[in-house]
Amino acid sequence: AKALGGNHFRFYNPSLDAQSLEALRMEGALQRALQRNEFEVLYQPLVAVDGGAIAGVEALLRWKRDTGTLLPHDFLALAEETGLIVPIGEWVLATVLAQQAAWRAAGLPRLRVSVNLSARQFHDQDLAAQVARLAREAGCELPCLGLEVAESVLAQDAPGTLDTMRKLAAMGVLLSIDDFGSGYSSLANLRRFPIHSLKVDRSFVSDITSDRDDAQIVKAVIALAHSLKLLVVAEGVENEAQVAVLREQGCDLMQGYYHSAPMTASQFEALLRRGAHE
Ligand code: C2E
Ligand code: CA
Ligand code: CA
Ligand code: CA
């Protein structure tokens with residue numbers, strides 16, 4: 001212990017190393033982030049590979065701290081471990097539904113907004129009821145919503161998954177499998193669930209022009225999806241050459257920096273207004 005003057009001593013606790021102290025600090029900050037209104041939803045358009053029309057938009061979470069903006073990669077694991085992802089996820093849904101109601105009231109074109117869900121949220125038996133309640137509270141009577149879930153949600157085959165998916169589908173909520181190709185979902189699995197689209201993981205798209213294997217995988221995924229009457233969305237499209245390959249392969253929608261990075265709600269609204277006047 002080091003003397004700090006007078007009778008004050010600071011003890012070194014070897015079980016609390018710098019890393020776990022930082023984790024504790026993060027957890028406290030994450031707990032307070034909701035009430036402090038530190039989260040923000042950014043929006044990234046999904047556009048048609050053919051023609052480039054905006055066909056939907058994905059909501060992406062950000063955490064704005066005094067020290068800078070954090071990406072989901074920096075805090076999502078902690079949010080899941082601590083269960084804080086449940087109230088945070090509810091906040092994201094409520095925010096997106098309120099935003100949609102506002103855009104509709106402003107006379108903007110009706111666009112489907114897709115929200116990412118953690119497996120934990122999905123296995124909440126009340127997800128369908130929760131979405132219905134949040135839509136009502138947001139004044140968004142007919143939500144135009146998409147939900148993106150990981151392949152693992154299908155693979156775990158938890159009781160209730162199919163039931164929840166059917167209820168959501170009956171409400172007009174479209175389900176997408178996110179990061180498709182990075183996990184293990186069998187063809188049989190895909191057929192059992194009411195899924196609307198597959199999102200091809202960025203890792204396959206990034207090398208699509210240089211790596212023949214990746215190009216073949218994307219081609220196969222598109223064929224598989226189309227044979228099951230599913231739409232295909234390519235993630236992380238960054239250049240014209242990738243667009244050309246995706247167009248040739250018959251991919252339906254794409255998303256990525258090539259068209260637009262994730263942007264704030266007001267930036268996205270401005271983009272919609274420009275589109276409406278073209
Ligand atoms: P994701 O669902 O696969 O989202 C796509 C990620 O790729 C986003 O990262 C997006 O900003 C980024 N991206 C988009 N276009 C490009 C591109 O052309 N190039 C590159 N290199 N990246 C691009 P972000 O926003 O950091 O989100 C990371 C992940 O965090 C998401 O991956 C999603 O799984 C998760 N996530 C985001 N928001 C939420 C949320 O509200 N709830 C939950 N549970 N997860 C979320
Ligand atoms: Ca996603
Ligand atoms: Ca991805
Ligand atoms: Ca590769």
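Using the basic label-point model (7 angstrom from Cα toward the beta carbon), what is the R274 to A23 distance in nanometres?
Spacing of the two 7 Å Cα→Cβ label points: 4.5 nm.
Can you give the extra length, in nm with one decimal, that the chain gains between V86 and S203 once fully stretched, where that is 0.36 nm per residue apart less the Cα-Cα distance?
Going from the current span to full extension adds 39.3 nm.
Where the centre of each part is set by its Cα atoms, how far does the range 32-74 sit from the range 129-155, in angstrom?
17 Å
Could you please put W103, W91 in sequence from largest to smallest accessible area, using a 1.4 Å probe?
The ranking, largest first, comes out as W91, W103.
Which whole-Hz ³J(HN,Hα) couplings does the range 44-57 yield from phi under the Karplus relation 6.51 cos²θ - 1.76 cosθ + 1.60, θ = phi - 60°, glycine and proline marked x?
Per residue, the Karplus-derived 3J(HN,Hα) values read 10, x, 9, 10, 5, 4, 8, x, x, 5, 6, 10, x, 8 Hz.
From Cα pairs below 8 angstrom and at least 6 apart in sequence, can you work out the relative contact order of the range 61-142, rounded to a whole percent?
The value is 31 percent.
Quick one: of the DSSP bridges fully inside the chain, what percent are antiparallel, nearest 5?
45 percent
Between the range 232-273 and the range 156-218, what is the C-alpha centre distance in whole Å?
One Cα centre to the other: 18 Å.
For the chain, what relative contact order do you get, as a whole percent, if you take Cα pairs closer than 8 Å and at least 6 residues apart?
Working: 413 pairs, mean separation 48.0, N = 278.
Computed over the chain, the figure is 17 percent.
Once amide H atoms are built 1.01 Å from N in the peptide plane, which residues 5 or more positions from V200, or in another chain, come under 5 Å H to H?
The list, which skips near neighbours in sequence, is F180, V233, A234, E235.
Accessible area of S20, 1.4 Å probe, to the nearest 10 Å²?
40 Å²
For every helix of n ≥ 4 consecutive DSSP H residues, a contribution of -39,500 (n - 2.57) applies; sum these over the chain, divide by its total residues, and give [θ] at 222 nm rounded to the nearest 500 deg cm²/dmol.
-14000 deg cm²/dmol
Please give the length that would be gained between T69 and A244 if that part of the chain were fully extended, namely 0.36 nm times their separation in residues minus their C-alpha to C-alpha distance (nm, one decimal).
59.6 nm
Can you list residues whose amide H is under 5 Å from E148's amide H, if they're 5+ apart or on another chain and H is modeled 1.01 Å from N?
V115, N116, L117, S176
Please list, ordered by chain and number, the residues whose modelled amide H lies under 5 Å from the amide H of A55; skip anything fewer than 5 residues away on the same chain.
L46, V47, A48
Using label points projected 7 Å from each Cα along Cα→Cβ, tell me how many nm separate L224 and R212, to one decimal.
2.1 nm
Give, in nm to one decimal, the length gained when the segment between R110 and H196 is fully stretched (0.36 nm per residue of separation minus the Cα-Cα distance).
29.1 nm
The values are calculated or read from the model by the stated rules, or taken from the named source; none is laboratory data. This one's a predicted model, so the numbers in the text were calculated from it and none came from an experiment. Positions of Cβ are generated from backbone atoms using ideal geometry, with glycine treated the same way; all protein chains shown enter the neighbour counts. Accessible surface is based on the protein model in full, side chains and every heavy atom, while ligands, DNA and RNA are left aside. Shrake-Rupley method; radii C 1.70, N 1.55, O 1.52, S 1.80 Å.
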